[in-house]
1. Given the conditions (1) within 14 Å of the chain's Cα centre (by Cα); (2) part of a strand (DSSP E or B); (3) surrounded by fewer than 17 Cβ atoms within 10 Å (Cβ to Cβ); (4) not small (Gly, Ala, Ser), which single one is not true for LEU134?
2. For the stretch 66-75, which residues satisfy the criterion of being among the hydrophobic types (A, V, I, L, M, F, W, C) and either under 17 Å from HIS133 (Cα atoms) or within 13 Å of the ligand (Cβ to nearest atom) (or both)?
3. State the number of residues belonging to the stretch 134-149 that are in contact with an Asp or Glu (Cβ under 7 Å, 6 or more places away or on another chain), within 15 Å of the ligand (Cβ to nearest atom) and not hydrophobic (A, V, I, L, M, F, W, C).
4. Only one of GLU43, GLU23 is acidic (Asp, Glu) and either more than 16 Å from the ligand (Cβ to nearest atom) or in contact with a helix residue (DSSP H, G or I) (Cβ under 9 Å, 6 or more places away or on another chain) (or both); which?
5. Among the residues of the stretch 88-99, write down those that are of a type outside the set (S, T, N, Q) and within 23 Å of VAL24 (Cα to Cα).
6. Going by what's in this entry, would LEU114 be described as hydrophobic (A, V, I, L, M, F, W, C), outside any helix (DSSP H, G or I), away from the ligand (no atom under 14 Å from the Cβ) and free of Cβ contacts under 8 Å to residues at least 60 places away in the same chain?
7. Test LEU109 against the criterion of being of a type in the set (A, V, I, L, M), farther than 26 Å from ARG57 by Cβ and modelled with pLDDT of 95 or more, and give yes or no.
8. Which residue, of ILE83, ILE28, ILE78, is under 26 Å from LEU134 (Cβ atoms), at pLDDT below 95, within 16 Å of the ligand (Cβ to nearest atom) and surrounded by 12 or more Cβ atoms within 10 Å (Cβ to Cβ)?
Amino acid sequence: MIEKACSDDLEDILEVINTSNREVFKCIIPKDYFQDPVLSRQELLKLFERMAFYVYRSEQRIVGVAALSVKNAGEGQIHWVYILPKHQRQGIGKALVTHLEKEAGEKHLHRLKLHTAGTALWAINFYEKLGYHLTGKIDRAWGFDVVMEKKLPHL
Ligand SMILES: CC(C)(COP(=O)(O)OP(=O)(O)OC[C@H]1O[C@@H](n2cnc3c(N)ncnc32)[C@H](O)[C@@H]1OP(=O)(O)O)[C@@H](O)C(=O)NCCC(=O)NCCS
């Protein structure tokens, strides 16, 4: 059900990210800073060059996405974890992040990081349940992001 994304998946990935982002972040990002769509086709194409996207399919339809980039010194970063609203709370987010961790382990990464909005308490809870802990804060014009990290076990 989880596969590495290819260029044929671009439109579906955009649909998942922009729909899910609109649903939740509109309520917590101040109006002047809220971006909708949060990602354009052109931006996504550029992201494809520096991170690997994975998609979760349910009945042939992409309903969840997540991406992994490799940083230096054995570190990776998780990006763009988005599940379509009506498919949330069914274990898909957990399955995608667990898949990214497996991919990271195969690349001999020893730590994964991510950023999420400091007021996205549902997301912080989700990542804490998966073993990530808060390690920092980044000020943004609209508020702040938190940094979360997890040390990966050696393979
Ligand atoms: C956050 C998100 C990725 C979680 O994915 P999901 O598939 O819904 O989550 P899962 O079903 O795998 O949940 C695993 C656990 O995380 C926690 N969790 C998930 N969603 C939660 C929520 N909205 N509030 C509180 N805890 C939550 C729960 O403990 C859950 O286990 P449970 O359902 O047995 O209680 C998804 O809700 C989403 O796309 N949200 C909008 C975009 C977003 O916030 N992305 C992350 C930051 S960019």
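1. It fails just one condition, (1).
2. The initial filter retains those residues of the stretch 66-75 that are among the hydrophobic types (A, V, I, L, M, F, W, C), namely 66-68, 70, 73.
Passing the criteria: ALA66, ALA67.
3. 0
4. Values: GLU43 fails: either more than 16 Å from the ligand (Cβ to nearest atom) or in contact with a helix residue (DSSP H, G or I) (Cβ under 9 Å, 6 or more places away or on another chain) (or both).
It is GLU23.
5. Kept after step one, since they are of a type outside the set (S, T, N, Q), are these residues of the stretch 88-99: 89, 91-97, 99.
Selection gives ARG89, GLY91, ILE92, GLY93, LYS94, ALA95, LEU96, VAL97.
6. On the way: hydrophobic (A, V, I, L, M, F, W, C): yes; outside any helix (DSSP H, G or I): yes; away from the ligand (no atom under 14 Å from the Cβ): no; free of Cβ contacts under 8 Å to residues at least 60 places away in the same chain: yes.
Here the answer is no, as LEU114 does not meet what is asked.
7. Working: of a type in the set (A, V, I, L, M): yes; farther than 26 Å from ARG57 by Cβ: no; modelled with pLDDT of 95 or more: yes.
The answer is no for LEU109.
8. On the way: ILE83 fails: at pLDDT below 95; ILE78 fails: at pLDDT below 95.
ILE28 is the lone residue from the list that is under 26 Å from LEU134 (Cβ atoms), at pLDDT below 95, within 16 Å of the ligand (Cβ to nearest atom) and surrounded by 12 or more Cβ atoms within 10 Å (Cβ to Cβ).
The values are calculated or read from the model by the stated rules, or taken from the named source; none is laboratory data. All of these numbers come straight from a predicted model, not from anything done at the bench. Note that we place each Cβ from the backbone using ideal geometry, even for glycine, and neighbour counts take in every protein chain shown.
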